[in-house]
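Computed from the coordinates by the stated procedures, all read-outs in this text should not be read as laboratory data. Quick caveat, the model's predicted, so the values are computed rather than measured. Please note: Cβ atoms are built from the backbone with ideal geometry, for glycine as well, and neighbour counts cover all protein chains shown.
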Amino acid sequence: MSSERATLNATTRTDFGTRTSKRLRREGKVPGVVYSGGKEATSFQVESRDARVILGEGHALFDLAIEGSEAVPVVVKEQQHHPVRGDLQHLDLQQVDLNQAIQAEVLVELTGDDVSPGVKQGGVLEHVTREVTVEALPTDIPDSIALDVSEMEINDTLTLEDLVAPEGVTLIADDPAEVTIVTLSPPRVEEEPEEDLEAEPEVVGEGEEGGEEAADEGDSGEDSSDEE
C-alpha cells in the first residue's frame, strides 16, 4: 500500500432526517458517520465526487479530515448505494488505531488472463470471489491482492489457498480450499435452434371429390339414356 495515505475532506453535519439527506444528495453531497471506539460517533458530509474518487481507487485505509478537526485514519465500515442507479447514498467509516490489527475487505485483482492457455482456447474465465477478508495492522492492509491466472487451463479452479498475501497480512477464512476465487470453464457452445419442420397439410377429400365428380358424370349418362 502507498506510504502516503489519501485524504477525504468533509464538513460536520448537524441537520438530520430523510428530507435533509435527500437535499444533500441533490446538492451532490453524501451524508456519513465515523465511529471511533467508545467515543460518540461523528456525523459528516462529503462531496459525492470526492467520495467516489477515494472509494474508486480502492483505498483500504485513508484519512478523514472533518473541517476544524485533525485528520484521523479510517477504514470503510459500510457503504449504502441506490438499488437502481448505484449512487452512493451513505458512508459509514471506522476510525482505527494504527498499532492494532484489524480485519478488512480487500479486492482480488486477476493478472495474466490475457496469456492464459485456457482463455486463448476460448475458455470462460469467471471471477467468483472479488473481495477477501484479511487481518493486519491498518498500515499493512493492501489496497488489493494480485492473483496470477496466466497458467490456468480449461476446467482449472483457483481458491483462497492459491492467493499469496503480502507479509504481515493474514487471509481470514474457515476453509480456504472451499473459497473459490476464479474458474476457467470450457467454451460456451451456442445450441442451434431446432428447425420447425411442419408437415405439408394434407388436402382432405381430394380423392372423394374426384370420385364424386366421376359418379356425377356417370349419373348424368344414365339419365340421358333413360330419356332416350
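Side notes on the structure shown:
- From least to most packed, judged by other beta carbons within 10 angstrom and beginning with the fewest, Glu57, Glu161, Glu167 follow the order Glu167, Glu57, Glu161.
- Amide H contacts under 5 Å for Ile102, placed H, 5+ residues apart: Ala136, Leu137
- The dipole here belongs to the stretch 98-189: it is taken about the Cα centre, uses +1 on the Cβ of Lys and Arg and -1 on the Cβ of Asp and Glu, and is about 320 debye.
- Among Val30, Val189, Val96, the order by Cβ neighbours within 10 angstrom, fewest to most, reads Val189, Val96, Val30.
- Unit charges at the beta carbon, dipole of the stretch 1-96: most positive-side option, Thr18, Thr7, Val46: Thr18
- This model, with +1 at the C-beta of Lys and Arg and -1 at the C-beta of Asp and Glu, gives the stretch 1-96 a dipole about its Cα centre of some 500 debye.
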